[in-house]
Each structure stands twice: as structure tokens, then as C-alpha cells.
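A short reminder: the numbers here are calculations on the coordinates, not readings from a lab. The shown structure was predicted, so the numbers you read here are calculated from the model rather than taken from an experiment. Here the Cβ is made from the backbone with ideal geometry for all residues, glycine too, and neighbour counts use every protein chain on show.
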Amino acid sequence: MNWAEFGAAVAASVLVAAHGVVGHGWHRAQLRDVSFKPTSIVGDADTAHRFFQVTWHIVTVFFLSTSAALYAMAFGAFTSAVVLRFIAAVYLLIICVCLAYFARRPRALLAPIPGIAAVSMVAIVVLAWVASRCS
């Protein structure tokens, strides 16, 4: 077993749990009382609400797919330094986007879920890169 790949897979699993379970419940509670406005490019209010929910789940599926690929590599199903570097690069870009949004309020990243997400994403970047160097 490759421990760096396994560690990155665990970090991705944490993102699945934080986003897909905890975040999903929070997300639904926050949107329960929100009235979406109809737009010509998205549709009526119900369509906009559903579209927002779908995009939430797309992110969870992305985290789950990353986790599955990293577990598969950790347990020897396949090896690919290119895939590991790609995962590291994608998560580094995600971190950059997050930092751009939190630039004026970096202390907000100390809240439990943002903090867990930030640590998990940094762990994925570092461990996937380290694993790519060992492949």
C-alpha cells in the first residue's frame, strides 16, 4: 500500500463526508426559506432551486470520484504519477479559488467545516504530489 495515496484518499473521504453529509443538511436548511427568482437562462424559481441543488451534488461526486481513484491507487489497482499530479494541480487550483473568496476574511477559514475542508485539500495536494514522486 502507498501511504501517501492512502492519506490523500482519506482526506478526500473527509471532504465527501463534510460536503455530502454535513454540508448537504446545512445547504438544504439554508435554502428552505430562500425564494429564487426566475431568470431567462435558468428558468422558473423551482428550476433554479433544483439547479442549485444539482450543482451541490456535482461537487460531492467530484470529491467521491477523487477519493475512489486515490483508494484504487493506494491499494495497487493502478499507478499513475500523471493522475496524481493532475489531482494535486486541480486541488491546488481549488485552494486558490477559495483563498480568493476568503482573502478579506481569512479567519473565517477557522470555522469547523471551512477549516476541515482547507486542511483536507492541502493534505490532498501535498500527499498526491509526494505519491507522484514515489511512483
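Side notes on the structure shown:
- Among the numbered conditions (1) farther than 20 Å from R133 by Cα; (2) free of Cβ contacts under 8 Å to residues at least 24 places away in the same chain; (3) not aliphatic (A, V, I, L, M), the only one that H27 does not meet is (2).
- For the criterion of being surrounded by 12 or more Cβ atoms within 10 Å (Cβ to Cβ), of a type in the set (F, W, Y), without any contact (Cβ under 8 Å) to a residue 40 or more places away in the chain and part of a loop (DSSP other than H, G, I, E, B), F36 passes.
Here is a yes/no grid of residues against (1) more than 30 Å from S135 (Cα to Cα); (2) aliphatic (A, V, I, L, M); (3) surrounded by 13 or more Cβ atoms within 10 Å (Cβ to Cβ):
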residue	(1), (2), (3)
A12	no, yes, yes
T47	yes, no, yes
L64	no, yes, yes
A88	no, yes, yes
L110	yes, yes, no
I116	no, yes, yes
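- The listed residues are L109, L64, and the only one of them that is without any contact (Cβ under 8 Å) to a residue 12 or more places away in the chain, under 30 Å from V34 (Cα atoms) and in contact with a helix residue (DSSP H, G or I) (Cβ under 8 Å, 6 or more places away or on another chain) turns out to be L109.
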